[in-house]
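In what follows, a single structure is set out as structure tokens and then discussed.
The values are calculated or read from the model by the stated rules, or taken from the named source; none is laboratory data. No experiment lies behind these values; they were computed from the predicted model shown. Here the Cβ is made from the backbone with ideal geometry for all residues, glycine too, and neighbour counts use every protein chain on show. For the accessible areas, the whole protein counts, side chains as well, though only heavy atoms, and no ligand, DNA or RNA atoms are used. Shrake-Rupley method; radii C 1.70, N 1.55, O 1.52, S 1.80 Å.
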Amino acid sequence: MNDPATVLVVDDVEKNVKLLADILKVKGYDVVTAFSGPDALSMVESREVDLVLLDIVMPGMNGYEVCRKIRENPLTKILPVVMVTALDPSEERIKGLEAGADDFLTKPINQAELMARVQSLLRIKELFDTVQAQSTELKDWNRNLEERVREQVDELERLGRLRRFLSPQVANMIMSSGNESLLESHRREIAVVFCDLRGFTAFLENVEPEEGMEVLQQYHRAMGELIARFQGTIEHFAGDGILTLFNDPIECEAPAVRAVQMAIAMRERMAEITVEWHKLGHELGFGVGIALGYATMGMVGYEGRYDYVANGRVVNLAARLSDEAAAGQILISHRAYLANEDFVEVEPIPELALKGFRKPVQAYNVIGLRQTAAASD
């Protein structure tokens, strides 16, 4: 409602309009006027009016017709209308109510009665406007809430998909930046870590499936915690084999160094776990292969099932080195060694003839971190 309230006075007699307008203006109301039915309807449609004082007897379109038109308009159907008449009010009241009038005044106008009726209807109008505003606001809140819930559900679904193959830190970074183009096909130098258990196939042949699953879950849980700590990206895991990437999809400094540091942490953790397994009669070991090189990266799959994968020689090399690693060994490629030579102690091993590689491959077994590097960590 307007402040001050706006009252439309409608009468074909100018002196009647002036009388009502003067009374209302003295009381602080804003007054607009019209001298015919069509003018009144045009005024109602063109500006916000809070109450109408409407004469009944007017040429062309009488007050009843004007009131009906006001009620037919959804925007003004609740606009308070007071019919003003010099006719017998008992006869006109029924016609007025049928037309949609809210109240009646008889001429000559009693000023106190006029103000009482105006104030009463304006209070009702103000209350209705408040309810309408609150209803509109509530609808907006509900609509915004629905949109926010839908956005959050979509975001959680996207985050869930990303977290299937990315570390939580990387997944959250991609979600917060909104830059999923990082997952589109591209070429990049990466460090690849492939680890698995020694003797796992034979182990499964001699235990119940539930016991094998328990061992596998313990292994995955321990390795997953370390991969997340070092912010690696799980490219995939199958059974006891876990393939982890560094430097993609989020770039990092010295990816080969971070890969070796994680592998050493993995070996230390698995040394503790395998002691427990040996007490249970499980003869299992742990080996790692690490390579540094270029690969093509990107998402592959279909709607409802996508994976982020690396494709290239470096991936195969890490997997083959892991195959050759004995229990407790971390075998790294020559290129990965060059990136780490200031940080790790290694021992050379004879060149390896690896499946899928035409020439023998030079590799190194990681003994541990150099003392200076360990101290700086």
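Points worth noting:
- Hits in the range 218-254 (condition: under 18 Å from N316 (Cα atoms) and more than 31 Å from the chain's Cα centre (by Cα)): A238, G239, D240, G241
- Here A259 fulfils each of the conditions (1) touching a residue at least 60 places away in the same chain (Cβ under 8 Å); (2) surrounded by fewer than 18 Cβ atoms within 10 Å (Cβ to Cβ); (3) hydrophobic (A, V, I, L, M, F, W, C) apart from (2).
- Residue in the range 209-217 that is under 35 Å from the mean Cα position of the chain (by Cα) and open to solvent by 50 Å² or more (accessible area, probe 1.4 Å) present: yes
- Candidate set from the range 66-109 (those that are open to solvent by 10 Å² or more (accessible area, probe 1.4 Å), assigned to a helix (DSSP H, G or I) and hydrophobic (A, V, I, L, M, F, W, C)); member that is farthest from L8 (Cα to Cα): I94
- Selection over the range 68-82 of residues that are in contact with a Gly (Cβ under 9 Å, 6 or more places away or on another chain) and at pLDDT below 90 gives a count of 1.
- Residues in the range 262-281 that are open to solvent by 10 Å² or more (accessible area, probe 1.4 Å) and touching a residue at least 60 places away in the same chain (Cβ under 8 Å): 2 in all.
- Selection of the range 6-38 for residues being hydrophobic (A, V, I, L, M, F, W, C) and not in a strand (DSSP E or B) yields V13, V17, L19, L20, A21, I23, L24, V26, F35.
- Extreme residue, modelled with the highest pLDDT, among residues of the range 1-32 that are in contact with a helix residue (DSSP H, G or I) (Cβ under 8 Å, 6 or more places away or on another chain) and open to solvent by 50 Å² or more (accessible area, probe 1.4 Å): K27
- The condition of being in contact with a Pro (Cβ under 8 Å, 6 or more places away or on another chain) and either open to solvent by less than 10 Å² (accessible area, probe 1.4 Å) or closer than 19 Å to I234 by Cβ (or both) holds for only one of Y308, Y364, that being Y308.
- When the range 39-65 is filtered for residues that are open to solvent by 40 Å² or more (accessible area, probe 1.4 Å), assigned to a helix (DSSP H, G or I) and within 22 Å of A86 (Cβ to Cβ), the ones remaining, listed by number, are D39, E65.
- Residues that are under 19 Å from V193 (Cβ atoms) and among the β-branched types (V, I, T), drawn from the range 272-317: I273, T274, V288, I290, T296, V309, V314, V315
- Residues that are modelled with pLDDT under 95 number at least 1 in the following strands (runs of 3 or more DSSP E) confined to the range 324-377: 344-348, 363-369.
- Against the test of being surrounded by fewer than 19 Cβ atoms within 10 Å (Cβ to Cβ) and among the aliphatic types (A, V, I, L, M), the options L204, L197, L284, L243 yield a single qualifying residue, L204.
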